[in-house]
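As structure tokens, the structure follows; a few thoughts come after it.
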Amino acid sequence: MMDLNLKERISQHFLVAEVVKTCREDVDNTVINNARRLAETCLEPVRCRINRPLIVNSWYRSVKYNARVGGKRSSQHIRGEAVDIHLDADCWKIQLGELVPLFKHYADYDQLIVESSPTAHWLHVSHTERHANRHQYLRIKTH
Ligand SMILES: [Zn+2]
């Protein structure tokens, strides 16, 4: 098992602790490197402009953890290539309206997905080095 330094920065505003917030099993250097590229190409350009924290709900998921939470087997979370974030619990929809255009303009994303359930809303952002980033924007409602 890899020795994780949770306080280590992967970029200016994001820590290893945020990458492994919901899952610490089977983390390797590829996961950390993928997470760093996601932070640098997508999160930091937006974070620096809004000058407010982007709060991480979930980032890396091991294959086992992903299966337990019902994630797709192809989920980019497994590689550290995807993160789910929100700004604030309060006024979330208003803030989302600011956030989505900033990602569309400044982030080199593969997928940008607004996901909402009756009780929660979040933004899924991914970046990959495995193929050209698709700049795909989707809205998904889950029940
Ligand atoms: Zn996600």
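Readers should treat all values here as calculations from the given coordinates under stated rules, not as data from a laboratory. As the structure is a prediction and not an experimental result, all values here were calculated from the model. FYI the Cβ positions are ideal-geometry reconstructions off the backbone, even for glycines, and counts take in every protein chain you see.
Of 56, 102, 23, whose Cα points farthest to the positive end of the dipole of the stretch 1-114 (charges on the beta-carbon: +1 Lys, Arg; -1 Asp, Glu; origin at the Cα centre)?
Positive-end residue among those listed: 23.
Residue 7: which aspartates and glutamates have alpha carbons under 16 Å from its alpha carbon, excluding same-chain residues fewer than 8 sequence positions away?
Residue 7 reaches 18.
Subtracting the Cα-Cα distance from 0.36 nm times the residue separation, let me have the gained length for residue 100 to residue 116 in nm, one decimal.
4.4 nm
Would you order 114, 63, 125 from fewest to most other beta-carbon atoms within 10 Å of each residue's own beta-carbon?
By the 10 Å Cβ count, ascending, the order reads 63, 114, 125.
Where a ≥ b ≥ c are the square roots of the eigenvalues of the C-alpha gyration tensor, would you call the chain rounded, which needs a/c under 1.5, or, failing that, prolate if a/b is larger than b/c, or oblate?
rounded
Just 83, 100, 19 to compare: in a GNM of the chain, with alpha carbon springs under 10 Å, which one fluctuates most?
100
Given +1 on the Cβ of Lys and Arg, -1 on the Cβ of Asp and Glu, and no further charges, what dipole in debye does the stretch 1-105 carry about its Cα centre, rounded to the nearest 20?
240 debye
Hey, in the GNM for the chain with a 10 angstrom Cα cutoff, which one of 130, 49, 79 fluctuates hardest?
Evaluated over the chain, the most mobile residue of the options is 130.
Go ahead and set up a Gaussian network model of the chain, Cα springs under 10 Å, then flag whichever of 98, 81, 18 fluctuates most.
Top of the fluctuation ranking is 98.
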